[in-house]
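Asker: Below you'll find the structure I mean.
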Amino acid sequence: MKITLKVMRQTGPSAEPRLVQYELMGISGDMSFLEMLDVLNEELTERGEDPVAFDSDCREGICGMCGIVIDGEAHGPERTTVCQLHMRSFKDGDVITLEPWRASAFPVIKDLVVDRSSFDRIIQAGGYISVNTGAAPDAHATPVPKEDSDRAFEAAACIGCGACVAACPNASSMLFTAAKVAHLGLLPQGQPEREARVVNMLQQQDAEGFGGCTNIGECAAVCPKEIPLDVISTLNRDLGKALAGRG
Amino acid sequence: MTTTDTPAPAVSEGLVNGLYREGEPIADSKAPSGPLQNRWEERKFSARLVNPANRRKMSVIIVGTGLAGASAAATLGEAGYNVKAFYYQDSARRAHSIAAQGGINAAKNYKNDNDSTFRLFYDTVKGGDYRARESNVYRLAEVSAAIIDQAVAQGVPFAREYGGLLDNRSFGGVQVSRTFYARGQTGQQLLIGAYQAFQRQVAAGTVTSYARHEMLELIVADGRARGIIVRDMVTGEIETHLADAVVLGTGGYGNVFFLSTNAMGSNVSAAWRAHRKGAYFGNPCYTQIHPTCIPVSGSHQSKLTLMSESLRNDGRIWVPKDPADCDKDPREIPEDARDYYLERIYPAFGNLVPRDIASRSAKYQCDDGRGVGPAVDEVQPDGSTKQVRRGVYLDFADAIKRMGKSTVAAKYGNLFDMYQRITGEDPYEVPMRIYPAVHYTMGGLWVDYDLQSTIPGLFVTGEANFSDHGANRLGASALMQGLSDGYFVLPNTINDYLADAPFEALPEDHPAVAEAHASVSERVHKLLSVNGSRSVDSFHRELGTIMWEYCGMDRSEEGLKYAIGRIRELREEFWRDVRVLGENEELNQALERAGRVADFLELGELMCVDALHRRESCGGHFRSESQTEDGEALRDDENFAYVAAWEWGGEGEAPVLHKEDLQYEYVEMKQRSYK
Ligand SMILES: Cc1cc2nc3c(=O)[nH]c(=O)nc-3n(C[C@H](O)[C@H](O)[C@H](O)COP(=O)(O)OP(=O)(O)OC[C@H]3O[C@@H](n4cnc5c(N)ncnc54)[C@H](O)[C@@H]3O)c2cc1C
Ligand code: SF4
Ligand code: FES
């Protein structure tokens, strides 16, 4: 197939972004979207032009490293990660626009690469269970109902990609934060720190410059791991309890 | 036979095969003696302790935040040491461990099916084809139960039964159910547990985290590892970081093959740089090849995707008998025109033969011209391209007939969906295609029982070390080893070393620091200034082809010798003709890759030398000269029951082989047979 790409390029964090157009021939439907970009970069290298910077590592949809807004949609037209999107989802002659995740809490580093370290700092604010190594009781000491454990797993499946933020008109990271709060809050091990966790993580989320959640739901619609929107209600309930307890 | 005008590497007395020298055997791996069951307790007791107030004055650098590195960083941070952790991804949560699917073993005997520490130990030594150390493997089995306790306490949502207790499955041909799992995402959940423990220490101020930093050199001063040189991948700054000890948890080197199931950034650089500074490299040629991966679809493919081995429980593997049928719709090939080759050759095990046998057999069918799937260009080592089909069918038609589509979907649905997403074919309708791929490396830096390399103060954990797996790792044991090393072993053994710390502060202009810093800057500069005509990836692909063809599933003396020559030529061409654009002072992904490929070009040669010298077949390493009458792998315990620990011989010089003899006191060495 023949594909036209319009790529938002930016040489560094403070440089002006500009849209640059490239034509690619001989793209096969079996290529993943990122392999198509590899082909582009080989061609650019041959021509002596700077290759397009983009993030990826596992290329299996599990590490959360890749992330591109494709034709206005986070991770593109299908509900998956860009590394698992294949060119057969496009047609011969398509014009495709690529932009980085846009959010003030995710500053652009270069081209399509952004800095998501704000997510790590939200986790540092309480997205863990405090247990030192070697101090754990036998794993069977506390049974966990299968249903709770399965729901905890569902929330824990978040890969921290940031698509939810990129899709949200407010650039809110609520789905990401709520997924962690729900994961740990659904397990008995997570109870002692449950209330402090939600307050501290939300405080950090605000401090990082993420927008507020107004329940638009775009986040869950693009989430490649299908994190359910109701983790946000779980978070809100926990927050309510925490605040009432403090009042 | 010495001639004066031979160019480097100089041929001189003592060179074996013209390729390497033999050095002193390794005298001591520091394993305590006495009954196997007491060795770890004994070692812990004899290790010196560091008083909590002193730990604050001591610093440890950890490179890598996969299961091995993140767990070590968190645990040493909890203990009160000053930890600095480096990794090349943008978040510690993205280390390659995240991709592990199947599960993690532990001798908990929760199923009351006669599992025990000894049985896990026994299965693992046997699975390693008697090329792993008894003491290490026993300790691994012993510690395994505590890993599950730790992970559950951290909130890792393992699969559970209705009664609320943990569920187990059996995995990789063992006869007990000892594998704990979290759907098909066990690595992800375990890593997130370790990552959260790590972030907790970052918040507590004991761990400082360096994202997008790549280690490019080790600093060895006065005989001890004292720090690293890293490149900040965003600004290009070459930074020096010093500490009392250095830990490498940098993962495996399967990407030397270019196409593998590894993450794109997985590399050998940290380990290789340490090797060049004096750390021995153990068993570099031991690579595990996994039989059930989605085959190559085209020449632009960047990686291969693993599909769980569990598919072989119900799927039947076949190829057309007649090469002329290879491009036909498989559904139109009648039963009697199909060759169910595993069932034919191995009637006792059929499609469930171990990984190495299933992999090798698939390769033979395709080499024979009976492979299926799209014919793709394969670059031949001489540079020409040939069209080949690299795939065999994994057919569920019988299973669907027998169990019904919905049962098959309930069991394997997510794998079928993944297959369909990648190939665009519906495996419920058309048989899946699979092919072996490089998956895991059992070789790595040589370490003693304390996980210390031959450089004092340099410790190595997880897949980056060689220690526990022998020649043929079993499923679900790498996750176990990473976490065992990081949570339990290293935090105990490193104290003994640090009991002499803090060491005198190194001035930044210490010759060892200055040398390491200068060597990194020069190398980066050199890569950027070659300005040749070939892309980094084109070199990597070519190296991968050579490695796969000659140092992959089936190796011969002739092929390996040829490969060594080709790798040397390719390396020379790389430094003459590679094209890396841009500059150092920016995010430059081609530059990052170029540095990694340069190291792979050196490692590749050592892998071939190691494979060449080991004139036996063991585990996944099949030497065509060493096989039984009916074509099975033939081990040679008489001559090769040792670890090959390679010492860097110097630039352009032959490497030096040190042998560590393996003694089996508790397990009897037996020939494997699957017929
Ligand atoms: C698809 C797949 C499935 C698997 N499934 C299983 C399974 O079911 N069960 C099982 O037991 N095992 C499995 N394995 C194997 C297992 O996942 C790995 O062996 C294990 O996770 C390795 O962990 P690690 O911590 O040693 O290294 P990794 O997780 O690879 O981490 C390496 C770390 O080092 C860092 N790093 C590397 N080089 C540098 C450098 N030069 N500078 C700075 N940082 C660097 C990286 O950033 C990363 O943080 C699987 C492997 C694959 C590929
Ligand atoms: S919630 Fe979904 S979209 Fe957001 S970071 Fe997690 S996986 Fe990505
Ligand atoms: S590269 Fe890992 S999720 Fe896409």
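Asker: If you take every DSSP beta bridge fully contained in the protein assembly as shown, what fraction is antiparallel? Give it as a percent rounded to 5.
Answerer: 70
Asker: Take the alpha carbon atoms of region A:118-156, find their center, do the same for region B:569-588, and report the distance between the two centers in whole angstrom.
Answerer: 45
Asker: What part of the accessible area of the protein assembly as shown, given as a whole %, is carbon or sulfur when the probe is 1.4 angstrom?
Answerer: 48
Asker: Now a separate question. Using Cα centres only, tell me the gap between region B:599-657 and region B:351-377 in whole Å.
Answerer: Centre-to-centre (Cα) distance: 23 Å.
Asker: Just list whichever of B:Lys411/B:Lys670; A:Lys241/B:Lys57; A:Lys2/B:Lys303 have alpha carbons separated by over 30 Å in the model shown.
Answerer: In this structure, B:Lys411/B:Lys670; A:Lys241/B:Lys57 exceed 30 Å between Cα atoms.
Asker: Could you tell me the calculated FRET efficiency between B:Glu161 and B:Thr385, based on Cβ-Cβ distance and R0 = 51 angstrom, to the nearest 0.05?
Answerer: Calculated transfer efficiency: 0.45.
Asker: Is there a simple number for the mean count of other chain Cβ atoms within 10 Å of the Cβ of residues in A:115-125, and what is it?
Answerer: 5
Asker: Now for a different question. Can you compute the modelled spin-label distance between A:Asp92 and A:Asn236, with each label point 7 Å from Cα toward Cβ, in nm?
Answerer: Calculated label separation equals 5.0 nm.
Asker: What does the buried accessible surface come to for B and A, summed over both chains, with the probe at 1.4 Å? Round to 100 Å².
Answerer: Looking at B and A, the buried total is near 6100 Å².
Asker: Using mean Cβ contacts within 10 Å as the protection proxy, how do B:151-161, A:194-204, A:4-14, B:427-437 order, highest first?
Answerer: Descending mean neighbour count gives B:151-161, B:427-437, A:194-204, A:4-14.
Asker: Would you mind giving the mean number of other chain beta-carbons within 10 Å of the Cβ of each residue in B:287-299, as a whole number?
Answerer: 1
Asker: Could you list the residues of region B:231-268 with an amide nitrogen less than 15 Å from a label point located 7 Å from the Cα of B:Glu585 in the Cα-to-C-beta direction?
Answerer: Under cut-off, by backbone N: B:232, B:234-238.
Asker: What distance in nm lies between label points placed 7 Å from Cα along the C-beta direction at B:Arg48 and A:Glu78?
Answerer: 5.9
Asker: For B:Tyr642, what residues show an amide H to amide H distance below 5 Å, using hydrogens built from the backbone and excluding near sequence neighbours?
Answerer: B:Leu662
Asker: On to the next question. What accessible area per residue, rounded to a whole number of Å², is obtained for chain B using a probe radius of 1.4 Å?
Answerer: 34
Asker: Where nothing but the Cβ of Lys and Arg (+1) and of Asp and Glu (-1) is charged, how large is the charge dipole of chain B around its Cα centre, in debye to the nearest 20?
Answerer: With only Lys, Arg, Asp and Glu charged at Cβ, the dipole is about 1860 debye.
Asker: Now for a separate question. For labels at A:Ala244 and B:Val430 in the simple 7 Å Cα→Cβ model, what's the distance in nm?
Answerer: 5.8
Asker: Roughly how many Å is it from the Cα centre of region B:533-561 to that of region B:144-167, as a whole number?
Answerer: That distance is 42 Å.
Asker: A:Leu19 to B:Glu557: FRET efficiency via 1/(1 + (r/R0)^6), r the Cβ-Cβ distance, R0 35 Å, to the nearest 0.05?
Answerer: About 0.05, to the nearest 0.05.
Asker: Let me ask something else about it. Only helical DSSP H runs with n ≥ 4 go in: add -39500 (n - 2.57) per run for the protein assembly as shown, normalise by residue count and round the 222 nm mean residue ellipticity to 500 deg cm²/dmol.
Answerer: That calculation yields -10500 deg cm²/dmol at 222 nm.
Asker: Going 7 Å from the Cα of B:Asp222 toward and past its Cβ, which residues in region B:476-504 have a backbone nitrogen under 14 Å from where you end up?
Answerer: The answer is B:500-504, whose backbone nitrogens lie closer than 14 Å to the label point.
Asker: Cα gyration tensor of region B:281-366, axes a ≥ b ≥ c as square roots of the eigenvalues: rounded (a/c below 1.5), prolate (a/b > b/c) or oblate?
Answerer: oblate
Asker: For region A:67-189, what is the Kirkwood hydrodynamic radius in Å, using each pair of distinct C-alpha atoms?
Answerer: 16.9
Asker: Compute for chain B: radius of gyration divided by Kirkwood radius, i.e. Rg/Rh, restricted to C-alpha atoms, rounded to two decimals.
Answerer: The Rg/Rh ratio comes out at 0.95.
Asker: What does the extension gain come out to for B:Ser170 and B:Met669, with contour length at 0.36 nm per residue minus their alpha carbon separation?
Answerer: Extra length available between B:Ser170 and B:Met669 comes to 177.2 nm.
Asker: Between B:Glu335 and B:Asp630, what is the FRET efficiency for a Förster distance of 22 Å, r being their Cβ-Cβ separation, to the nearest 0.05?
Answerer: 0.25
Asker: Using a loss threshold of 10 Å², tell me which positions in region B:127-156 are less accessible in the complex than in their chain alone. Probe radius 1.4 Å, ligands and nucleic acids ignored.
Answerer: Output list: B:Asp149, B:Gln150, B:Val152, B:Ala153, B:Gln154, B:Gly155.
Asker: Per residue of B:201-210, count partner chain C-beta atoms within 10 Å of its C-beta, then hand back the mean as an integer.
Answerer: Counting other chains' Cβ atoms within 10 Å and averaging over B:201-210 gives 2.
Asker: Then there is this: Using Cα-only point scatterers and the Debye equation, what is log10 of I(q)/I(0) for region B:221-274 at each q in 0.14, 0.21, 0.29 Å⁻¹, rounded to two decimals?
Answerer: Taken in order of the listed q values, log10 I(q)/I(0) reads -0.50, -0.92, -1.15.
Asker: Using the heavy atoms of the protein chains and a 1.4 angstrom probe, tell me the accessible area per residue for region A:3-99 in square angstrom.
Answerer: With all protein chains present, region A:3-99 gives 37 Å² per residue.
Asker: Taking square-rooted eigenvalues a ≥ b ≥ c of the alpha carbon gyration tensor, is region B:136-200 rounded, prolate or oblate, where a/c under 1.5 means rounded and, failing that, a/b exceeding b/c means prolate?
Answerer: It is oblate, given that a/c is not under 1.5 and a/b is not larger than b/c.
Asker: What is region B:519-675 by shape, rounded, prolate or oblate, if you read a ≥ b ≥ c off the alpha carbon gyration tensor as root eigenvalues and call it rounded for a/c under 1.5, prolate for a/b larger than b/c, and oblate otherwise?
Answerer: prolate
Asker: Among B:Asn38, A:Pro192, B:Leu140, which residue has its Cα positioned farthest towards the positive end of the charge dipole of the protein assembly as shown, with +1 placed on the Cβ of Lys and Arg, -1 on the Cβ of Asp and Glu, and the dipole taken about the Cα centre?
Answerer: A:Pro192
The values are calculated or read from the model by the stated rules, or taken from the named source; none is laboratory data. Quick caveat: nothing in here was measured; it's all calculated off a predicted structure. Positions of Cβ are generated from backbone atoms using ideal geometry, with glycine treated the same way; all protein chains shown enter the neighbour counts. Keep in mind that these areas ignore ligands, DNA and RNA; they rest on the heavy atoms of the full protein, side chains included. Shrake-Rupley method; radii C 1.70, N 1.55, O 1.52, S 1.80 Å.
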